[in-house]
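Input: a single structure, listed below in structure tokens.
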Amino acid sequence: MNEKSPSQKRAAEIAGLICFAVALFLLLSLFSYHPLDPSFTNYVPEDAPLHNWTGAVGSYTADTLLRLLGIGILWLPVLLLVTALRYFRAAQFRVGAAAVAGTIGLVFATSGMIALLIGDIEIYGIPLQAGGLLGTVTASFLDAYLRLAGSLIVLGLILIVALMILFDFSVVSFAERSASAAGVTARTAGSLLDRCRERFGRKREAPTVGRPAAATVPIIEETKRETIKEKLAKAEQTHFDFAIRLNGKFKLPPLTLLDHLERKDTRIKRETLIANSRILEKKLSDFGVDGKVVEVKPGPVITMYELEPAPGVKINKITNLSDDLALALRAPSIRIIAPIPGRGAIGIEIPNQEREPVSLRDVLDHATFRESPYRLPIALGEDIVGAPVITDLIRMPHLLIAGTTGSGKSVSLNAMICSILFKAPPDEVKFIMIDPKRLELSGYEGIPHLLHPVVVDPKKASLVLRWAVEEMERRYRIISEMGVKSIEAYNQLRAGKAPVPAPETGEAGCEEAEEPMETVPGASPVRKAAEKAFRKNEPLPDRLPYIVVIIDELADLMMVAQRNVEESLTRLAQMARAAGIHLILATQRPSVDVITGIIKANFPTRISFKVSSKVDSRTILDQLGADKLLGDGDMLFIPPGSSRLTRIHGPYVSDREIERIVDFVKKQGKPAYDESIAEFGPGAIEGEKPDGDFDEKYDEAVELVTDLGQASISLVQRYMKIGYNRAARIIERMEAEGVVGPADGAKPRKVLARKIPH
């Protein structure tokens, strides 16, 4: 080596000192890094405390290097120290292109391997990419083409080559030295083991009893939620199958028709929740609001922080900061509940960075739904802590839904329909579906639960609603004649009634009795009511099913026939509960000309998905908050008998799942449409005489009664599979034309015409 000149020695020492100073500065700034310090990604006030030992320059430098290169940047101060030592030892040392390439390769390979193996880490509760932006991008690219094993091989090769370039490293010599050291270590360990055996071989160690560790009291009470693996294991151990055959006729759909939605465990760690609480308190303090977070409730989609404001802080001052907090916390929207009912705190709902999806199968497979006594259960989804929310449509008894396009309104409506299909057979519940958009409800066409094909014409829909009003009044007549007050009591009485012998003509069960029931000593009120009904030529049905009227877009109906639609909906909403008729109305335009004051007054139970403005939120809920929702099934629910809003995340059900459910139900039978709905027109009101239009089934009905030798409305209705009103008109025409005689109480009508032999 050539002798150092004084100038060269001085220059080398200066370069070494510079490298040493830069390395020391980087080490101090990196080891004292704090994510809440000022940086290019985090703005803090000038008077905020600074944690970094090297000041603002160090905090900006450390944050930039860690976010770009991750933990692999720690190689840089190490290499600078090595470079400084080399400058001190050799005046002619120069940093060449090979050293620069080796440094880049070393940091590149280290960041990529850390991103592959570790992923994300938390520093003071704040998430950070361990491999930085460079490592994350590299890991994603290599994993897409080489998977984990291939990526580690490539990055390991780059790492070894970089070390060989920077430190004159030899793989062969390292392997030889490692083998030699391993041999020496093995021999030394063997000799020590032999000595221990000779000295302590005869001694027995007393068993030690481990003392259980003391339980730590958590600072934040987290709601216990089952992980995905626990849910799947539980489903395999205690699987509940809805595929139960009722009365040997109808089989309810099984849960296997629904898909298992892949749900990642997105529960936030306790340290992160504590850090977020401190950040929230600090942001509020920046706006002049002092308070303390007293409780945190993490959920699948949002996390609610309960803030206890300091004395003298007005609530309005906090509620007006929702947009400012959303900007400061980088959240899409923040909803503030001020105050929480029954609590001396204010709720601040902040969306999670990673949203956990909610599937319909998870909600229906929960014990809350399986063991619910509801006849018309509706699966609304999960609340803010992940607990399933099931409600009863009978208790509501009607539901008004609003939400803008893309808010998840139609998906949640399908989930409500499917939840009823999983619980109720066709003889217990019937649907009338009105879908002016011709898209959302057309998939249910042909299921046996339908009373009428899906209505797509708004003008026809107004007539169907008028028919529902007439059906409500008919049911009330039947219920009142039985001496009961509701459809539940009527069905219970009819189910417990003893069977009545068939008439002597041999027709089984076409009428209730041969002689008037008043002549029977001790006749029950049920039989007397039945006799009274028959005297009015109206047979008592064995069962009155529930009727659920579903309207997917109310705005289209109000544009065509607002007066008739509003009148029918008002009458149904006011009176139809005891008759077993329930309404579900949905609209994407919750304006005052669609949701009028009369409709709102009669629909206390409402659901609002995300709406476009605060005015729409007040229109549907009479409160603010719906404009702050996240969409995709996020809703606010006003339960029956309460004005308190409940935030729920609606379940997802795909079109493919709906098709499987519909196909399963359709295979068990065809719908028995009520012909009276199709025949109902503007003049078909009660008390109007039947028109003289020819019925195509009239001749067939005449042949039927002459063959059997008896006639009744229920007989024609049952044998010809037509509606009650149509069968009644046929019998009245037969009486007018002399085919059958007049009604004689509970006895069958006498057939006057004779069958013409062929």
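Any residue that is within 30 Å of residue 727 (Cα to Cα), part of a helix (DSSP H, G or I) and in contact (Cβ under 8 Å) with a residue 60 or more places away in the chain - is there at least one of those in the stretch 653-665?
Yes - at least one qualifying residue is present in the stretch 653-665.
For residue 677, are the conditions met, namely being in a helix (DSSP H, G or I) and modelled with pLDDT of 85 or more?
no
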Task: Qualifying residue in the stretch 386-396 (condition: buried (at least 16 other Cβ atoms within 10 Å of the Cβ) and over 30 Å from residue 577 (Cβ atoms)) - done: yes
Task: Candidate set from the stretch 1-43 (those that are surrounded by fewer than 16 Cβ atoms within 10 Å (Cβ to Cβ) and among the β-branched types (Val, Ile, Thr)); member that is modelled with the lowest pLDDT - done: 41
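For the condition within 25 Å of residue 545 (Cβ to Cβ) and of a type in the set (S, T, N, Q), what is the one hit in 570, 587?
On the way: 587 fails: within 25 Å of residue 545 (Cβ to Cβ).
Just one listed residue meets the conditions, 570.
How many of the residues making up the stretch 425-459 are among the basic types (Lys, Arg) and buried (at least 17 other Cβ atoms within 10 Å of the Cβ)? Steps first, answer last, please.
Step one: filter the stretch 425-459 for residues among the basic types (Lys, Arg), giving 430, 437-438, 459.
Of the ones still in play, those that are also buried (at least 17 other Cβ atoms within 10 Å of the Cβ) are 430.
Looking only at that region, the number is 1.
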Open item on the list: Based on this model, can you work out whether residue 571 counts as in a helix (DSSP H, G or I), surrounded by fewer than 16 Cβ atoms within 10 Å (Cβ to Cβ) and of a type in the set (D, E, K, R)?
Closed with: no
TODO: Kindly list the number of the only condition in (1) touching a helix residue (DSSP H, G or I) at 6+ places or on another chain (Cβ under 9 Å); (2) part of a loop (DSSP other than H, G, I, E, B) that fails for residue 382.
DONE: (2)
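Can you find even one residue in the stretch 65-81 that is free of Cβ contacts under 8 Å to residues at least 12 places away in the same chain, part of a helix (DSSP H, G or I) and on the phi > 0 side of the Ramachandran plot? Before the answer, list the steps.
Here is the first cut: in the stretch 65-81, the ones free of Cβ contacts under 8 Å to residues at least 12 places away in the same chain are none.
There is no residue in the stretch 65-81 that is free of Cβ contacts under 8 Å to residues at least 12 places away in the same chain, part of a helix (DSSP H, G or I) and on the phi > 0 side of the Ramachandran plot.
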Open item on the list: Being assigned to a helix (DSSP H, G or I) and in contact with a helix residue (DSSP H, G or I) (Cβ under 6 Å, 6 or more places away or on another chain) narrows it down to one residue among 85, 146, 163, 155; which is it?
Closed with: 155
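Yes/no matrix, rows are residues, columns are (1) more than 23 Å from residue 750 (Cα to Cα); (2) in contact with a strand residue (DSSP E or B) (Cβ under 6 Å, 6 or more places away or on another chain); (3) of a type in the set (Val, Ile, Thr); (4) modelled with pLDDT of 75 or more:
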| site | (1), (2), (3), (4) |
| --- | --- |
| 492 | yes, no, no, yes |
| 499 | yes, no, no, no |
| 505 | no, yes, yes, no |
| 516 | no, no, no, no |
| 534 | no, no, no, no |
| 555 | yes, yes, no, yes |
| 571 | yes, no, no, yes |
| 589 | yes, no, no, yes |
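May I ask you to list the residues in the stretch 617-667 that are aliphatic (A, V, I, L, M) and in contact with a Pro (Cβ under 8 Å, 6 or more places away or on another chain)? Don't jump to the end; show me each part of the working.
In the first step, residues of the stretch 617-667 are kept if they are aliphatic (A, V, I, L, M); the result is 620-621, 624, 626, 629-630, 635-636, 638, 645, 648, 653, 658, 661-662, 665.
Matches in the stretch 617-667: 620, 630, 638, 661, 665.
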Open item on the list: Tell me whether the stretch 691-698 contains one or more residues that are out of contact with any His (no Cβ under 8 Å at 6 or more places or on another chain), at pLDDT 85 or above, part of a helix (DSSP H, G or I) and surrounded by fewer than 16 Cβ atoms within 10 Å (Cβ to Cβ).
Closed with: yes
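The values are calculated or read from the model by the stated rules, or taken from the named source; none is laboratory data. Nothing here was measured: the structure is a model prediction, and the numbers come from that model. In this analysis, Cβ positions are derived from the backbone assuming ideal geometry, glycine residues included, and neighbour counts consider all displayed protein chains.
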